[in-house]
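A quick write-up on the structure given underneath.
Derivation of every value follows stated rules applied to the coordinates shown; laboratory data play no part. From a predicted model like this one, the values you see are computed outputs, not experimental measurements. Every residue, glycine among them, receives a Cβ derived from its backbone with ideal geometry; neighbour counts consider all protein chains shown.
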Amino acid sequence: MQCPHCHADVAIPKLGELRELPQVEDAPDRSTATAPSGGSTIAFLLLGLIAVALLLGAGYNAVRWAMIETTTTTESHLAEIEESYARVEPASVVLDFEDMEVRSLDMVSPYTYHAVVTEKSRWGWNAVITAGLAVVCGIGAFGAASRGRKG
């Protein structure tokens, strides 16, 4: 018979000749070779669940960050102080200055707007770090799954 691809003559054995050929051992089942191992499945599930939990945490942190309003900045606070000093009598400004000389200028706590900005910054960084850890766990989960299929 002639091969349809290369047009070479190919000998086709008869059924009786095929029965006389030696038997080949059955090849191992390919579906069991590609099935993931128990350890990689557990690693995939565990890392996947951790990644989902971290993503939920990142979402919560991001929502908290977005909900905090920061309307006052250092520049606007200083402009507000300058504006208030422009409206008062000069004698009152002198009395305030003399009072500052007597008392210490060290602040015990930060201004309220500064505390709000710091809190917003912390929520933002928490969101970024948590999302980064979620990505790392997700990559680890898919790596465990692919390693288990190769084995």
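Numbers below:
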read-out: Selection from G59, V93, A79, by position along the positive dipole direction of the chain (Cβ); value: G59
read-out: Nearest 10 degrees, 0 to 90: helix 90-102 Cα axis against the chain principal axis; value: 70
read-out: DSSP-assigned coil residues among trypsin sites (Lys or Arg not before Pro) in the range 66-140, each with at most 10 further Cβ atoms within 10 Å; value: R103
read-out: Mean residue ellipticity (222 nm) of the chain, computed from DSSP H runs ≥ 4 via -39,500 (n - 2.57), nearest 500; value: -24000 deg cm²/dmol
read-out: Ranked list, fewest to most other Cβ atoms within 10 Å of each Cβ, for R19, R64; value: R19, R64
read-out: Residue exposure sequence - W65, W125 - by fewest surrounding Cβ within 10 Å; value: W125, W65
read-out: Exposure proxy ranking, count of Cβ atoms within 10 Å, fewest first, for C137, C3; value: C3, C137
read-out: Degrees separating the helix 74-87 axis from the principal Cα axis of the chain, which is the longest one; value: 20
